[in-house]
Amino acid sequence: MIVVNAKAKSNNNDIIKLKNIINDLEQETLKERGCIDYAFSVDLNNPDVLRITELWVDLKSLQDHLKTPHVDIFRNEMSKNPIEIEAHFYEANEISYPG
């Protein structure tokens with residue numbers, strides 16, 4: 001499984017302007033083959049931070065996702081707004097609750 005943990009920093013107004021584009025990206029991505037989960041959320045303690053969590057069956061599914069039209073639209077809109085994104089990519093295995 002591939003895990004993507006990303007954080008976008010901007011001001012809340014820019015994030016709000018992108019809400020429809022983000023919603024479209026999220027909805028279309030969830031339909032993709034190999035997508036286990038894909039979600040955006042605003043940080044409760046810092047409304048200028050948007051968190052992105054993605055779970056993919058495998059690396060090919062994520063690579064295919066990055067070539068889709070909805071990702072291109074998202075990238076185009078992001079380039080018009082001053083949002084800094086930091087993303088980390090992991091290969092992982094799910095484990096049972098350790099507690």
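The values are calculated or read from the model by the stated rules, or taken from the named source; none is laboratory data. As the structure is a prediction and not an experimental result, all values here were calculated from the model. Cβ sites come from the backbone with ideal geometry, for glycine too, and all protein chains shown count toward neighbours.
Descriptive notes on the structure:
- Test result for D64, among the charged types (D, E, K, R), under 20 Å from V3 (Cα atoms) and modelled with pLDDT under 95: no
- Unmet criterion (only one of (1) within 15 Å of L25 (Cβ to Cβ); (2) of a type in the set (D, E); (3) touching a strand residue (DSSP E or B) at 6+ places or on another chain (Cβ under 7 Å); (4) free of Cβ contacts under 8 Å to residues at least 40 places away in the same chain) for D48: (1)
- Contact map, the range 74-90: residues that are acidic (D, E) paired with residues that are in a strand (DSSP E or B) and surrounded by 11 or more Cβ atoms within 10 Å (Cβ to Cβ), Cβ distance under 9 Å, separation 6+ or inter-chain. Pairs shown: E84/K7; E84/A8; E84/K9; E86/A6; E86/K7; E86/A8; E86/K9.
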